[in-house]
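Taking it in order: structure first as structure tokens, then the write-up.
The values are calculated or read from the model by the stated rules, or taken from the named source; none is laboratory data. If you're wondering where the values come from, they're calculated on a predicted model, not measured in any experiment. Positions of Cβ are backbone-derived with ideal geometry, glycine not excepted, and every protein chain shown enters the neighbour counts. Note: accessible area is taken over every heavy atom of the protein model, side chains too, but ligands, DNA and RNA are not part of it. Shrake-Rupley method; radii C 1.70, N 1.55, O 1.52, S 1.80 Å.
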Amino acid sequence: MALNTTPGAADADSYFTLDEANAYFSSRGIATWTGSDTVKENAARRGTTYLDNQYRGRWVGMRSFEAQLLAWPRQDGTRGWGYPLLDLDGFDIPADSVPQQVKTAAMEAALLALTGVTMEPRLERGGQIKSIGKGVGPLRKDITYMDGAPAVDRFLAIEGLLRGLVNSMPGSTSGNVPLVRS
């Protein structure tokens, strides 16, 4: 079934078209973006789903349309209803479109899915915890994972593309919040 990339559609399932992905990977000499259109479409859906799942609650702004299925397009909900978001350089992101950074990040996630990377693995904690420290005063609790491993895999190429469009990254212990002076 063909991808639906209509921004704001109630049945949209990808942030990018196959033509966009084919051109993107071809221009970078990435030969692992291969397979039938059906295989690539399924990877596109998994990449888009990954972004929406990992960044849910972290995206800046709010969805532009109540019925839209995907997280983008978005608009700025802090200045009132209907204002466009601003990118890191201060330019408007139209409330009826998906920024190129989001499309590119979804393409990168789709490539990972196509090449067999499990981006949302089941986290098994059984033998992964090396030690747990507890305390009472002043309150303290430490968990050390084997080899200092983070709780989730992080895909820095995707995180870098989304800088400025999310408030924090998956696996981070803190986020960014807007500072407003009164």
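Worth pointing out:
- Amide H contacts for I93 (H built 1.01 Å from N in the peptide plane; partners 5 or more residues away or on another chain; cut-off under 5 Å): L85, L86, D87.
- Neighbours of G8, meaning other residues whose beta-carbon lies under 9 angstrom from its beta-carbon, give a summed charge of 0 when Lys and Arg score +1 and Asp and Glu score -1.
- Pair-distance distribution of the range 61-121: all C-alpha pairs, bin width 10 Å, starting at 0; shares per bin in whole percent are 21, 41, 25, 12, 0.
- Each Lys or Arg adds one and each Asp or Glu subtracts one; over the other residues with Cβ under 13 Å from the Cβ of T17, this totals -2.
- For R74, the residues 5 or more places off, or on other chains, whose built amide H falls under 5 Å of its own are S64, S97.
- Taking the 1.4 Å solvent-accessible surface of the range 1-108 as the whole, the part contributed by carbon and sulfur is 52%.
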